[in-house]
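One structure is given below, encoded as structure tokens.
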Amino acid sequence: MINKINKTFIVVISTLLVIPILSGCALTTSSVPLHYGLQNNVRKIKAARNVIVGVHVQDLRKNKRVGNKKNGFGMVMAPIYAKKNVADTVRNAIEKELQARGFRIGKKAIVFVNVGITKFYNNFNMGFISGSAVAKLNMTVIVKNKHGEQLFHRKIFATGENGGIMIASGSNAGVALDRALQNGVNILFNDPKFTAALLQTK
């Protein structure tokens, strides 16, 4: 009986000692890099070589944070920011995918992709043993021709997850944010109506 009490006491004390250690970095603001990888097996579109596209991305979020750290008790702590401008990161991702399909990017554009980012944020869900980072990317994409006529409009809601984490850190949030970005751009380029709109050059 005494041994059982001693073991329980040790577990409780150990937990109380570990939580502050894990929470220490939660007080420091984090700046995380964002990464994007091209889709696999992308094919060139023959007609795309004659199309010059202009990509414009606006970050419409009121708060430029991409998340907040949490301590061992699940309390919101220091903010997490992206190292690079979020709008530039999304624009670069879209431009890379366009170029991979044969479209050209330039000032003499004949079709325009306008993107408005309304959400790009990670939230930590902490469990008893481990937790997860869940990031969301919400953006509106509009394609217009050089005459200002709307050819395409879609609201995109993408999620990225990083499960089985022990610490609600900037790096763990970064993984989820990368996946949300990847999924968001994938949704856009997997929509045949988007590509069709870009090819309407008249």
Note to self: Suppose the filter is surrounded by 17 or more Cβ atoms within 10 Å (Cβ to Cβ) and among the polar types (S, T, N, Q); does Asn138 pass it?
What the structure shows: yes
Next item on the list: Please find, among Asn123, Asn85, Asn138, Asn114, the residue that is at pLDDT 95 or above, closer than 27 Å to Ala196 by Cα and under 16 Å from the mean Cα position of the chain (by Cα).
Entry: Asn138
Item checked: Hits in the stretch 148-169 - residues which are in a strand (DSSP E or B) and of a type in the set (S, T, N, Q) -> Gln150, Thr159, Asn162
Checklist line | Single condition Ala180 does not satisfy, out of (1) in contact with a Lys or Arg (Cβ under 8 Å, 6 or more places away or on another chain); (2) farther than 25 Å from Phe103 by Cα; (3) not in a strand (DSSP E or B) | finding: (2)
Next item on the list: Take the stretch 118-153 and flag every residue that is touching a helix residue (DSSP H, G or I) at 6+ places or on another chain (Cβ under 7 Å) and of a type in the set (D, E, K, R).
Entry: Lys136
Check: For the stretch 45-67, how many residues meet the condition of being over 26 Å from the mean Cα position of the chain (by Cα) and either farther than 27 Å from Ala100 by Cα or of a type outside the set (A, V, I, L, M, F, W, C) (or both)?
Finding: 3
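Can you tell me how many residues in the stretch 47-84 are of a type in the set (A, V, I, L, M) and assigned to a helix (DSSP H, G or I)? Quick ask: steps written out before the conclusion?
Of all residues in the stretch 47-84, those of a type in the set (A, V, I, L, M) come to 47-48, 51-53, 55, 57, 60, 66, 75-78, 80, 82.
Add one more test, that the residue is assigned to a helix (DSSP H, G or I), and what stays is 47-48.
Matching residues across the stretch 47-84 total 2.
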Next item on the list: Considering only the stretch 46-88, state which residues are surrounded by 15 or more Cβ atoms within 10 Å (Cβ to Cβ), out of contact with any strand residue (DSSP E or B) (no Cβ under 7 Å at 6 or more places or on another chain) and in contact (Cβ under 8 Å) with a residue 60 or more places away in the chain.
Entry: Ala48
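The values are calculated or read from the model by the stated rules, or taken from the named source; none is laboratory data. Since the structure is predicted, the reported quantities are computational estimates derived from the model, not experimental observations. Every residue, glycine among them, receives a Cβ derived from its backbone with ideal geometry; neighbour counts consider all protein chains shown.
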